[in-house]
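Below you'll find the structure, written out as structure tokens, and then a few comments.
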Amino acid sequence: MKYQKWNIADRVSDSVESALSLPNIESTILYNRGIDSPEKLQEFLFPQDQSTNDPFLFEDMEKVVKRLSQALDNREIIGIFGDFDTDGLSGTAVLTFALQSLGSIVFPYIPHRVDEGHGVSLNSIEFFKDRGVSLIITVDCGISSIEEIDLANKLNMETIISDHHTSVDVVPDAFGVINPSLLGSQYPFQHLTGVGTAFKIVEALYSYLNMELPPEIYVFSAFGTLSDVGLMLGENRLLAHKGLQLLRSHEIIGIDELIRVAGLQKRRISTQDMSFGLIPRINAPGRLSHARLSLDLILSKNSEEAKIFSNEIEELNKQRQVVTETAMNEAYAQIKSQDESVIFVGKPHWNPGILGLIAGRLAEEFYKPVIAVSGSGEILRASARSIPDFNLIQVLDLCKPFFEKFGGHPMAAGFTIKRDLLKDFREKFNDVSFEFLSNVSKGPTLIVDAEISPLWLTSETLGFLESLEPYGKGNPEPTFITKKFEIIDFRQVGNDKKHLKMTLMFEGRVFDAIAFRQGNRVLEIKNGEFVDVVFKPAINFWNGKENLELIVDDFRLTS
Ligand SMILES: [Mn+2]
């Protein structure tokens, strides 16, 4: 992408360098992530169980754990209701696996994305009742399901809510609520994900029963933690880090099958493999058919069955890619005729499950707020994605009378709207956005960790960079700049010549570089010219060989 501004961090002083006992570039990268003492360094590089918070700091945890242990003693049937994205699915897997391992009969329930939508569904309450459930636990949702939990109460089922979403209304009348974002929560780490919150319940229960947590619990937790764009520090970093490590070394039938169909190497699974390889596959069934398939795979204990599930998921993921690509091309055609400061795209036939993907990609590419709409009935569905400093929820809130339903975060939201109101809403949204956008910068800023010579990249320094994983918010993947690379070759690659591949030379050494989705910038460069390149180093496995490749964020001709 072409960035408006490059922001290159200063190198650290000698005193930081000697405090961390690491060379200057390494120290600079760590300092940029708030690490300035040996203690912080130790905790960051080797997150330990001891550094997590006591789960009993949640106000309701003690009574929740006692209730669960009573349910185990009385052989009660337990229902788990989880959201349909990777966070909710992995949280459902954590609770289901943990309780089944303790001998419980558990019925997990995942709602259909379009037919049932977010939050506890009335269908599920009936489903649980029919199966003799007496205790329901929600995962990654529930904090605004007042009516549904009232119904459960009426049918003599008790509910434990585990959620990490902030509630705007009154809290439902549940037996217990575990939620780090609850107003007045005493729990010290507010950034837990849905699965992280479910993990804390399991951690508390197992410690109450004096038992060790099975490795599966950590592995499942890593998925939701990495997929929900929470802060990748503190307990989230521990869960993702430990989960990844255990995944590399333990057999977990369902996940192993997913790794196989994705063509990844289990022993070297990285954050990127998770974010771009496994998590999109886990999300695919929920987008195109039913997320239940992914839960069945994650929890599968039979490799024949897991093979069938993972092949089905692979097929759905391929479909998801095709459907998204087609829709993206239709969206580009619509954008051509727009010059507003916000982007509207839509087609009646777009699958509602991919609207968020489309809006997200366009927002990133055009650096504008985007609304993607679909539906052929009277009620249309829409997903909206934003850019930093433009608070979608605030803007949409000013358009509230137009919506049937609406919700989300400052960066991502969704709503349903009557077809006849779409045109007026669009005008209103444009007007309101115009004011808000006057305070937002016109282009994104690229944050660069350090200027380096690419000769700095050795197996040793690449190993150091690997030790900083998992990346995420608060701990972004290290990004570097090298000035004055000579272009010795370049070409467009991929479908529709989407990407730009470059061969670059620096002090006599040659480097492969790829700029994803920047094929259209081919006219900016010529062989023999010099460019300043912002990139992330990556190791590429090809034909059994490891190659260094520079993943290019942006480039400019050297001035
Ligand atoms: Mn979540």
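Read-outs: derived from the displayed coordinates by stated rules, not from any lab. Since we're looking at a predicted model, the values are computed, not measured. So basically every Cβ, Gly included, is an ideal-geometry build from the backbone, and we count neighbours across all protein chains shown.
For the stretch 426-517, state which GluC sites (Glu not before Pro) are in a DSSP loop and have at most 15 other beta carbons lying within 10 Å of their beta carbon.
GLU507
Return the percentage of antiparallel bridges among DSSP beta bridges fully within the stretch 338-436, rounded to the nearest 5 %.
Of those bridges, close to 75 percent are antiparallel.
Just in the stretch 349-388: which GluC sites (Glu not before Pro) are loop by DSSP and have at most 10 other Cβ atoms within 10 Å?
For GluC sites (Glu not before Pro) across the stretch 349-388 that sit outside H, G, I, E and B with at most 10 neighbouring Cβ atoms in 10 Å, the list reads GLU378.
Using each residue's phi in the stretch 303-320, evaluate 6.51 cos²θ - 1.76 cosθ + 1.60 at θ = phi - 60° and report the 3J(HN,Hα) Karplus result to the nearest Hz, with x for Gly and Pro.
6, 4, 5, 4, 4, 4, 4, 5, 5, 4, 5, 4, 4, 5, 5, 5, 4, 4
Taking θ = phi - 60°, what integer Hz values does the Karplus form 6.51 cos²θ - 1.76 cosθ + 1.60 yield along the stretch 331-341, in sequence order, with x for Gly and Pro?
Result, ordered by residue: 5, 4, 4, 6, 5, 3, 9, 10, 10, 6, 7 Hz.
Evaluate E = 1/(1 + (r/R0)^6) for GLU378 and GLN265, where r is the Cβ-Cβ distance and R0 equals 35 Å; express this FRET efficiency to the nearest 0.05.
Calculated value: 0.10.
Can you put MET211, MET232, MET411 in order, fewest other beta carbons within 10 Å first? Each step should come with its number before you reach the end.
On the way: MET211 12, MET232 23, MET411 18.
Lowest to highest Cβ neighbour count: MET211, MET411, MET232.
Pairs LYS368/LYS536; LYS5/LYS336; LYS336/LYS473; LYS266/LYS497; LYS318/LYS484; LYS368/LYS545: which exceed 29 Å Cα-Cα? Provide the component values of the computation, followed by the final result.
Working: LYS368/LYS536 25 Å; LYS5/LYS336 25 Å; LYS336/LYS473 33 Å; LYS266/LYS497 31 Å; LYS318/LYS484 40 Å; LYS368/LYS545 40 Å.
Listed pairs above 29 Å: LYS336/LYS473; LYS266/LYS497; LYS318/LYS484; LYS368/LYS545.
If you take the Cα Rg of the chain and divide it by 2.2 N^0.38 Å, with N the number of residues, what do you get?
Compared with the compact-globule rule of thumb, the chain sits at 1.01.
Which order results if ASP554, ASP397 are arranged by neighbouring Cβ count within 10 Å, fewest first?
With the sparsest Cβ surroundings first, the list reads ASP397, ASP554.
Give me the one-decimal nm value for the distance between modelled label points at ASN547 and MET505, 7 Å along each residue's Cα-to-Cβ direction.
It is 1.8 nm.
Using DSSP to define loop residues, name the GluC sites (Glu not before Pro) in the stretch 265-362 whose beta-carbon has at most 16 other beta-carbon atoms within 10 Å.
Those satisfying the criteria are GLU340.
Could you please rank THR92, THR461, placing first whichever residue has the fewest other Cβ atoms within 10 Å of its Cβ? If you can, show how the numbers build up before the last one.
Working: THR92 34, THR461 16.
Exposure proxy ranking, most exposed first: THR461, THR92.
Go through 293-302, 80-89, 250-259, 4-13 and give me the packing order, highest mean Cβ count within 10 Å leading.
Listed from highest to lowest mean packing, they are 80-89, 293-302, 250-259, 4-13.
Contour minus end-to-end for LYS498 and SER134, with contour as 0.36 nm per residue of separation and end-to-end as the Cα-Cα distance?
Gain on extension, LYS498 to SER134, equals 125.6 nm.
Quick query: amide H of ILE8 versus all other amide H atoms, modeled in the peptide plane; which residues come in under 5 Å with a sequence gap of 5 or more or a different chain?
Hits under the 5 Å cutoff: VAL448.
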